[in-house]
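A.B. asks: I'd like to ask you about the structure that follows.
Read-outs: derived from the displayed coordinates by stated rules, not from any lab. Model, not experiment: these values are computed from the prediction. Counting neighbours? That spans all protein chains shown, and the Cβs are built from the backbone with ideal geometry, glycine included.
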Amino acid sequence: MDYRDNEKLWNVIESFKEGEQKPRKGVSFNEKVSTVVRNGFKIFWSYRAWIALDLIGTAVLVALYFYLSVIVDPDTIEDAGYGASFFTFALLGIAFQQYTYSSVETFSHEIRHGQENGTLEAVLTTKTEFPTFLIGIGLLSFIYATYFLICAFIVAFIFFDPVITTNVFSLLSVVALTFLTIIAHICIGIASVGIIVKIKEGDPLLWLFGWLTMLLGTIYYPLDLLPAYLVPIALMMPITHALDGIRRCLSGSETLLSPEVFVDVLALLAFIIIMLPLSIKVFRWGYNEARKDGTLHAY
Amino acid sequence: MRVDEVLAPFKGKEKTAPHSYFHQITSILNARLKIFVSYKIWVLVELLNSVVSIAIYYFFGVMVESEELESAGYGDSYLAFALIGIASQTFLWTSVARISFVLRVELQEGTFEALNATRLRIESYLLGQTLAGFVLSTWFFTGAMLSGIFVLSASLTLTPETIITSLIIIFFMILAHLGIGFIAAGGILILKRGEPLIALFGVLTQFLSGVLFPLGVLPPELETVAMTLPFTYALRSLRFALLDERSLSDPTIINDIIICGIFALVLIPFGIWFFRKAHNYAKTRGTLGHY
């Protein structure tokens, strides 16, 4: 049978012929990032059962800290200047800690996933630059972190009545602090990608960061409870300052102009100024080394 | 001539592959342990993860008012209370999620169908994998307990009697949950998904069984739900043994062991039956090779 008899086949073949093809216009940075985000969101949305179970998991986690607060002495939280509710203290800690996870672990998780499945190199052979791809992944992850934060707050407000004392200015201060927190942690995430693409195995920087965050990041208890020799290490971590500022704004209506919160902002800015160039350097080293070795795809 | 040379090793009496249950189980166990030992960094990192989790509750314990713990009969140390809960969770996870996890990996990598094409009995495979899981759990449990006791000075009562009592309770705790693990694995074979459900079961058990707080702080209706979970009974007895020096002669401990035994008697046969059905279902539909 002549293919000209089949109209659909004819159209397909014609579309591949030279000369008639329209030149592809360049895809802008915004379009590429939004495509990565849209694609990730479609995958996320297709797992509806997982979303429902994740929501229940979030509710259970919030409930766990509510009942844990029954056996906690509220004076320790009040003495640290965060109001008199351990539940509110813990809620803010676990909800905002998700942003640090998104900023740091998502990148290396996605890179490892791409390496294991062999899709990373395929993506990198396209016209999409590696940083653009990473920004898309990061943005998707922040959307998920925000979703987790909102769900945790909704569950808390409906069932457990957290003590949030705030106003418009302190809410704006929280937005600013969250932004700085994300940027500060992205520095660690970028450095960790550089390491993981080069050494392939689990990222030691990420493990160390995870342990220090959980142990010293004041997610579950205030800084005052740590022994004196651990306090300087805790103060070097951005999460400590981020949570301190956010808790002061949401539990005591403080703003960026309050001395304690202002110090937190300065500490976060200092961390970013030092870490951003350093992390870009580590990332470039790892990325270029892996490209030279031809092992960018391997895990 | 050359052809004969090539064929020679294949001629004569064929050595039959060992196929006793015992040999198959030990082969699977050996293989898994070899893989485990080869991932030295992973082993170390996982162990350090447990230590960090316990250290978190060491600091957290400073804020805890001990009245609620004492009134429940768990002594006055929150660290010791949380240590037992967190460390024993490793056995819960292995019992419930180990087989499903292994099956998922085999299905994803396409090796499960190949395994089924061999003379390996599926029961031997499951038992070998489960035993390997419990060797790892024992390693992590011991590591967590030792670091809690010797590094963070958790005050546990360790006498030969309490240790033997604890081991028996852990044994029954594992038996009580194994059936759920078989059911979950069968579900994976049929549905090709199910980890979120297993994860949810884990989170709910952690919340309701009192891993991090005594059950007395829960409202009565949630406490009733908690009493339907075998982990609640196992954890209660384990804490009574290690924090209140109770032994196997204690009525509460006897009662809890009997309850775990009943869960095991009901769930294990049902779990095995369900898994076999699911396995046959997947085999007859030809879906053992994909996930």
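A.B. asks: Inside 10 Å of the C-beta atoms of A:221-230, what's the mean count of C-beta atoms belonging to other chains?
C.D. replies: 2
A.B. asks: Using the Karplus equation 6.51 cos²θ - 1.76 cosθ + 1.60 (θ = phi - 60°), what ³J(HN,Hα) coupling, rounded to whole Hz, does each residue of region A:231-246 give in order, writing x for Gly and Pro?
C.D. replies: Going residue by residue, I get 4, x, 5, 4, 6, 7, 8, x, 4, 4, 6, 4, 5, 4, x, 5 Hz, with x marking Gly and Pro.
A.B. asks: Given 4 °C and 1.567 mPa s, how large is the Stokes-Einstein diffusion coefficient of region A:167-273 in µm²/s, with Rh as the Kirkwood radius over Cα pairs?
C.D. replies: Answer from the Stokes-Einstein relation: 89 µm²/s.
A.B. asks: Kirkwood Rh, Cα Rg: Rg to Rh for region A:27-293?
C.D. replies: Value, to two decimals: 0.98.
A.B. asks: Additional query: Average partner chain C-beta neighbours within 10 Å, per residue of A:69-77?
C.D. replies: 5
A.B. asks: May I ask you to order B:161-173, B:62-74 by the average number of other C-beta atoms within 10 Å around their residues, highest value first?
C.D. replies: B:161-173, B:62-74
A.B. asks: Can you name the helices of chain B, as whole DSSP H runs, whose Cα span along the helix axis is 30 Å or more and whose Kyte-Doolittle mean is not below 0.5?
C.D. replies: In chain B, the long hydrophobic H runs are B:40-61, B:78-109, B:122-146, B:160-191, B:251-285.
A.B. asks: Let me ask another. Given the protein assembly as shown, what whole percent of its Cα pairs are spread farther than 48 Å?
C.D. replies: That fraction is 21 percent.
A.B. asks: Quote the charge dipole size of region B:20-285 about the Cα centre in Debye, to the nearest 20; the model charges only the Cβ of Lys and Arg (+1) and of Asp and Glu (-1).
C.D. replies: Here the size comes out at about 1640 debye.
A.B. asks: Here is a follow-up. Which percent of the Cα-Cα distances in chain B go past 33 Å?
C.D. replies: It works out to 31 percent of all Cα pairs.
A.B. asks: Using only the alpha-carbon atoms, how far is helix A:168-199 inclined from the longest principal axis of chain A? Give it as 0 to 90 degrees, nearest 10.
C.D. replies: Rounded to the nearest ten degrees, it is 50.
A.B. asks: Next question. Within a Cβ distance under 13 Å of A:Trp45, other residues only, what is the Lys/Arg minus Asp/Glu net charge?
C.D. replies: Residues near A:Trp45 contribute +2 overall.
A.B. asks: Which of the listed residues, A:Phe157, A:Phe142, B:Thr284, is farthest toward the dipole's positive end in the protein assembly as shown, when Lys, Arg count +1 and Asp, Glu count -1 at the beta-carbon?
C.D. replies: B:Thr284
A.B. asks: Another question, then. Using a cut-off of 10 Å between beta-carbons, work out the net charge of the residues near A:Ile71 (Lys and Arg +1, Asp and Glu -1, A:Ile71 not included).
C.D. replies: -4
A.B. asks: Choose one of B:Leu242, B:Phe91, B:Met145: the residue whose Cα lies farthest towards the positive end of the charge dipole of chain B (beta-carbon charges +1 Lys, Arg; -1 Asp, Glu; about the Cα centre).
C.D. replies: Of B:Leu242, B:Phe91, B:Met145, it is B:Phe91.
A.B. asks: Work out the charge dipole of chain B with +1 on the Cβ of Lys and Arg and -1 on the Cβ of Asp and Glu about the Cα centre, then indicate which of B:Leu175, B:Val217, B:Tyr233 is farthest towards its positive end.
C.D. replies: Farthest towards the positive end: B:Leu175.
A.B. asks: What net charge is computed for the residues neighbouring B:Arg285, neighbours being all others with C-beta under 14 Å from the C-beta of B:Arg285, Lys and Arg scored +1, Asp and Glu -1?
C.D. replies: Once all neighbours under 14 Å are counted, the net charge is +2.
A.B. asks: Let me ask you something else. Can you tell me which of B:40-52, A:184-196 comes out highest on packing, and rank the rest after it, using the mean Cβ neighbours within 10 Å?
C.D. replies: A:184-196, B:40-52
A.B. asks: Same structure, new question: Under a point spin-label approximation (7 Å from Cα along Cα-to-Cβ), what is the A:Val27-A:Val60 distance to one decimal in nm?
C.D. replies: Each label point lies 7 Å from its Cα, and together they span 3.9 nm.
A.B. asks: Contour minus end-to-end for B:Val3 and B:Glu245, with contour as 0.36 nm per residue of separation and end-to-end as the Cα-Cα distance?
C.D. replies: Working it through step by step, the gained length comes to 79.7 nm.
A.B. asks: How would you order A:138-146, B:247-255, B:150-158 from highest to lowest mean count of nearby Cβ atoms within 10 Å?
C.D. replies: A:138-146, B:150-158, B:247-255
A.B. asks: With each pseudo-label sitting 7 Å past Cα toward Cβ, what's the B:Ile122-B:Arg276 distance in nm, one decimal?
C.D. replies: Reported label-point gap for B:Ile122 and B:Arg276 is 1.0 nm.
A.B. asks: Something else about it: Return the calculated 222 nm mean residue ellipticity for the protein assembly as shown, to the nearest 500 deg cm²/dmol, obtained by summing -39500 (n - 2.57) across DSSP H runs with n ≥ 4 and dividing by the residue count.
C.D. replies: Counting only the DSSP helices, I get -25000 deg cm²/dmol.
A.B. asks: Relative contact order of chain A: what whole-number percent is it, with Cα pairs under 8 angstrom and at least 6 residues apart?
C.D. replies: 25
A.B. asks: I need the calculated FRET efficiency for the pair A:Glu121 and A:Ala228, taking r as the beta carbon distance and R₀ as 60 Å, to the nearest 0.05.
C.D. replies: So the FRET efficiency works out to roughly 0.75.
A.B. asks: Using alpha carbon coordinates only, what is the Rg to Rh ratio of region B:42-121, with Rh defined as the Kirkwood radius?
C.D. replies: Ratio of gyration radius to Kirkwood radius: 1.24.
A.B. asks: While we're here: Report, in degrees rounded to the nearest 10, the 0 to 90 angle that the Cα long axis of helix A:130-155 makes with the longest principal axis of chain A.
C.D. replies: In chain A, helix A:130-155 runs at an angle near 40 degrees to the longest axis.
A.B. asks: I've got another one for you. Mind giving me the nanometre distance, one decimal, between the label points for A:Val168 and A:Met236, set 7 Å out from Cα along Cα→Cβ?
C.D. replies: Rounded to a tenth, the inter-label distance reads 4.2 nm.
A.B. asks: Also, quick follow-up: For region B:144-291, how big is the tail of P(r) above 19 Å, as a whole percent of Cα pairs?
C.D. replies: Cα-Cα pairs of region B:144-291 separated by over 19 Å account for 62 percent.
A.B. asks: Right, another one. For peptide B:58-68, compute the average count of partner chain beta-carbon atoms within 10 Å of each residue's beta-carbon.
C.D. replies: 5
A.B. asks: Still on this structure: Once amide H atoms are built 1.01 Å from N in the peptide plane, which residues 5 or more positions from A:Val72, or in another chain, come under 5 Å H to H?
C.D. replies: Residues meeting the criterion, in which the H sits 1.01 Å from N, are B:Glu65.
A.B. asks: Express in nm, to one decimal, how much length is gained between A:Val263 and A:Lys281 on full extension, taking 0.36 nm for each residue of separation and deducting their alpha carbon distance.
C.D. replies: Value of the extension gain: 3.7 nm.
A.B. asks: Report, to the nearest 10°, how far helix A:7-16 tilts away from the longest principal axis of the Cα atoms in chain A, using its own Cα long axis and a range of 0 to 90°.
C.D. replies: 80
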